[in-house]
Amino acid sequence: MAKRDYYEVLGVHAQVTETELKSAYRKLAMQFHPDRNPGNAEAEARFKEVSEAYEVLKDPNRRAAYDRFGHAAFEGGMGGGGQAGFGGDFASAMSDIFDEFFGMGGQRRRGGGGRERGADLRYNLEIELEESFTGKTVEIEVPTSATCVTCSGSGAKPGTSPTTCQTCKGAGRVRATQGFFTLERACPTCQGRGTIITDPCEVCSGQGRISEERKLSVNIPAGIEDGTRIRLAGEGEAGVMGGPSGDLYIFLSIKPHAFFQREGADIFCRVPISLTTAALGGEFEVPTVSGEKTRVKVPEGTQTGRQFRLKSKGMPVIRSPQFGDMYIQVVVETPRNLTKRQRELLEAFEEEASQDNHPESHGFFSRVKDFFEGLGT
Ligand SMILES: [Zn+2]
Ligand SMILES: [Zn+2]
């Protein structure tokens, strides 16, 4: 089945504001929340769909990527491999909503034994256009936390083990009745872990995780576009109590170039040329994004705005041997700061100029004349 449009899923229009988006999402999330629809597979599917749509649209970067590429923006994981799915995030998305709507005090719902998936991390990486042309391997340092080796992530001093929490009898959750709802919330004694560490590991102070700067090599493929998101599965924060690690998302942006504009795989460049080159014809040299130089021939009588196409001198098409084109657009520069002699020469030219020299302006002004005559004044 084809994936539904995220805006359609949330029942909003494409120009929806953040506030409207949030309220549309709240309404639907409340309606389809699994805790309100126990055993209703359809509601659960809708809830997942709504959560996924909101996860994307609430983030301006991801929303922009979605607006541009649709669902393809998050598929076929660049570099990281695999689908950029939301399966792993579902449990935490659910607990976030639950916390927000039912006031669970920000305590994340945890799996058995206090296992919790690590947080996803975001890393902003800016590269030059030339680097996108060649592709490159970037070494990045990511501040993250890793599972403590000393206690294998349990948080308990080696040789000891956590004891079962007496408050919740190891369940990690306690129930309370409030109005119509029977609320389940994280056990305040063990913070939902179900166990109490009496003898904490000295290396990680019982956290089961230690802070770490991790070096990673990220392969940036040639032709990568501004706004691309690269997912490195499992490179995010370590999970709690041996839970799975989160993912690392690299948000790639490309610095604006001094004179190249990029559109997909094509490169555009505006080049000012002199009045005489435009009138008499000539040649000029331009750099290409590959770092080479190429000559462009200008025929006589070239007008401002004329575009010259240099085939395959643009950006590489990602994961393909093909290249885009380069477009040179010329702008005729009217001479300024004329000397007396130059002025005389131009005046002499003007005296000899005929309609044939300026067919466009002649044509325009004669149409203007016809227009006024047509008005019958
Ligand atoms: Zn430890
Ligand atoms: Zn407890």
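List every residue pair whose Cβ atoms sit under 6 Å apart, with the two residues 6 or more apart in sequence or on different chains, where the first one lies in region 158-173 and is closer than 23 Å to GLU184 by Cβ and within 16 Å of ligand 1 (Cβ to nearest atom) and the second, anywhere, is open to solvent by less than 80 Å² (accessible area, probe 1.4 Å) and assigned to a loop (DSSP other than H, G, I, E, B).
PRO162/ILE197
Just to check your reading of the model, which residue among GLU202, GLU139 is within 16 Å of ligand 1 (Cβ to nearest atom), open to solvent by 80 Å² or more (accessible area, probe 1.4 Å) and not polar (S, T, N, Q)?
When all the criteria are applied, what remains is GLU202.
Out of everything in region 167-191 that is hydrophobic (A, V, I, L, M, F, W, C) and open to solvent by less than 50 Å² (accessible area, probe 1.4 Å), what residue ends up being farthest from ligand 2 (Cβ to nearest atom)?
Out of the qualifying residues, it is LEU183.
Does region 153-170 include one or more residues that are modelled with pLDDT under 85, more than 30 Å from SER253 (Cβ to Cβ) and not in a loop (DSSP other than H, G, I, E, B)?
no
Identify, please: which residue in region 211-252 is open to solvent by 40 Å² or more (accessible area, probe 1.4 Å) and in a strand (DSSP E or B) and is, among those, farthest from ALA146 (Cα to Cα)?
Among residues in region 211-252 that are open to solvent by 40 Å² or more (accessible area, probe 1.4 Å) and in a strand (DSSP E or B), the one farthest from ALA146 (Cα to Cα) is ASN219.
Can you confirm whether GLY194 is within 12 Å of ligand 1 (Cβ to nearest atom), more than 35 Å from the chain's Cα centre (by Cα) and open to solvent by less than 40 Å² (accessible area, probe 1.4 Å)?
So GLY194 fails the test.
Answer yes if at least one residue in region 317-337 is at pLDDT below 90 and of a type outside the set (Val, Ile, Thr), and no otherwise.
yes
With the structure loaded, tell me whether GLU126 is in a strand (DSSP E or B), surrounded by fewer than 16 Cβ atoms within 10 Å (Cβ to Cβ) and within 16 Å of ligand 1 (Cβ to nearest atom) or whether it fails that test.
Against the criterion (in a strand (DSSP E or B), surrounded by fewer than 16 Cβ atoms within 10 Å (Cβ to Cβ) and within 16 Å of ligand 1 (Cβ to nearest atom)), GLU126 does not qualify.
Which members of region 113-123 meet the condition of being away from ligand 2 (no atom under 16 Å from the Cβ) and open to solvent by 70 Å² or more (accessible area, probe 1.4 Å)?
ARG122
Of all residues in region 205-237, how many are within 16 Å of ligand 1 (Cβ to nearest atom) and over 30 Å from HIS71 (Cβ atoms)?
Result for region 205-237: 8.
Pick out the one residue from GLY155, GLY208 that is crowded, with 16+ Cβ neighbours inside 10 Å, in contact (Cβ under 8 Å) with a residue 40 or more places away in the chain and within 16 Å of ligand 2 (Cβ to nearest atom).
GLY155
The values are calculated or read from the model by the stated rules, or taken from the named source; none is laboratory data. Quick caveat: nothing in here was measured; it's all calculated off a predicted structure. A quick note on method: Cβ atoms are made from the backbone with ideal geometry, for glycine too, and the neighbour counts reach across all protein chains shown. Ligands, DNA and RNA are excluded from the accessible area calculation, which covers all protein heavy atoms including side chains. Shrake-Rupley method; radii C 1.70, N 1.55, O 1.52, S 1.80 Å.
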